[in-house]
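Have a look at the structure below before the remarks.
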Amino acid sequence: MRVGLSEGAVRRPAPLLRPYVRSYQGYRLSGFDAGEHVGLPSDSITVILPFDRPLRVVRPAVADQAPGEFAALASGLGTAPVVMGHDGAEHGIQISFTPAGTRAVLGVPPAALGQWMVPLVDLLGSDAAEDTAECESPRLADVAARCGFYDQAHLAREWRALAGSAPSVWRRDEKFAFG
């Protein structure tokens with residue numbers, strides 16, 4: 001059995017996001033033996049955006065749902081655990097939405113998802129992924145304002161705490177950069 005590295009950061013959303021987002025967390029796990037972990041039930045809609053490889057669902061919470069891989073997923077209101085497979089490493093962001101956030105961001109009420117896991121592109125549409133890929137990279141000051149931060153410095157402090165580097169450094173170095 002190998003000893004792995006586990007890193008994570010959980011932050012309370014900026015005040016303007018709180019009606020829509022309960023929490024967000026970044027995670028990075030590496031150096032572990034391949035295996036499975038149990039995703040616990042949740043009383044909120046969860047979106048998981050993996051950075052390195054698709055999520056592998058071994059045993060969904062809903063008996064009628066087949067196992068599968070997801071490039072990104074939205075998970076409904078869970079009353080049962082989900083078993084996820086991994087190759088010893090995972091890296092991504094998990095966002096928990098309020099009911100209002102589920103409607104505003106995903107375009108559906110929470111009850112529409114039930115306990116199902118749905119590919120995020122099925123909710124947002126393929127145009128959203130194409131629009132993101134084709135758009136120019138926005139200025140950080142604009143991103144800060146749109147996301148409810150007081151200013152760019154406030155965004156930078158939160159980002160550094162979450163990602164371990166300044167947003168500009170992350171944007172420059174990260175393979176999964178936006179624009």
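The values are calculated or read from the model by the stated rules, or taken from the named source; none is laboratory data. This is a predicted model, so every value here is computed, not measured. For neighbour counting, all protein chains shown are included, and Cβ atoms are generated from backbone atoms with ideal geometry for every residue, glycine included.
Could you tell me whether the stretch 15-38 includes any residue that is in contact with a strand residue (DSSP E or B) (Cβ under 6 Å, 6 or more places away or on another chain) and among the basic types (K, R)?
Yes, the conditions are met somewhere in the stretch 15-38.
Tell me which residues, restricted to the stretch 65-81, are closer than 19 Å to G26 by Cα and more than 10 Å from the chain's Cα centre (by Cα).
First, the residues of the stretch 65-81 that are closer than 19 Å to G26 by Cα: 70-75.
If the condition is that a residue be closer than 19 Å to G26 by Cα and more than 10 Å from the chain's Cα centre (by Cα), then F70, A71, S75 are the ones that fit.
What single numbered condition from (1) acidic (D, E); (2) touching a strand residue (DSSP E or B) at 6+ places or on another chain (Cβ under 6 Å); (3) outside any strand (DSSP E or B) fails to hold for E7?
In the conditions (1) acidic (D, E); (2) touching a strand residue (DSSP E or B) at 6+ places or on another chain (Cβ under 6 Å); (3) outside any strand (DSSP E or B), E7 misses (3) alone.
Suppose the filter is in contact with a Pro (Cβ under 7 Å, 6 or more places away or on another chain), within 30 Å of D43 (Cα to Cα) and either at pLDDT below 85 or assigned to a helix (DSSP H, G or I) (or both); does T132 pass it?
Details: in contact with a Pro (Cβ under 7 Å, 6 or more places away or on another chain): no; within 30 Å of D43 (Cα to Cα): yes; either at pLDDT below 85 or assigned to a helix (DSSP H, G or I) (or both): yes.
Answer is no for this residue.
Within the stretch 16-121, which strands (runs of 3 or more DSSP E) (wholly inside it) include 3 or more residues that are closer than 29 Å to F149 by Cα?
Values: elements: 21-30, 35-39, 45-50, 55-59, 68-70, 73-75, 82-86, 90-97, 117-119.
Counting at least 3 such residues, we get 21-30, 45-50, 73-75, 90-97.
With surrounded by 14 or more Cβ atoms within 10 Å (Cβ to Cβ), at pLDDT 90 or above and more than 15 Å from the chain's Cα centre (by Cα) as the only criterion, which of V57, V62, V21, V47 stands out? Talk me through it step by step, then tell me what you get.
Values: V62 fails: at pLDDT 90 or above; V21 fails: more than 15 Å from the chain's Cα centre (by Cα); V47 fails: more than 15 Å from the chain's Cα centre (by Cα).
From the options V57, V62, V21, V47, the qualifying one is V57.
Do you know which residues across the stretch 77-123 are under 25 Å from H37 (Cα atoms), of a type in the set (G, A, S) and surrounded by 16 or more Cβ atoms within 10 Å (Cβ to Cβ)?
G78, G92, S96
The rows are residues; the columns are (1) farther than 30 Å from V3 by Cβ; (2) under 16 Å from the mean Cα position of the chain (by Cα); (3) modelled with pLDDT of 85 or more; (4) not in a helix (DSSP H, G or I).
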{"site": "W159", "(1), (2), (3), (4)": "no, yes, no, no"}
{"site": "S165", "(1), (2), (3), (4)": "no, no, no, yes"}
{"site": "K175", "(1), (2), (3), (4)": "no, no, no, yes"}
{"site": "F178", "(1), (2), (3), (4)": "yes, yes, no, yes"}
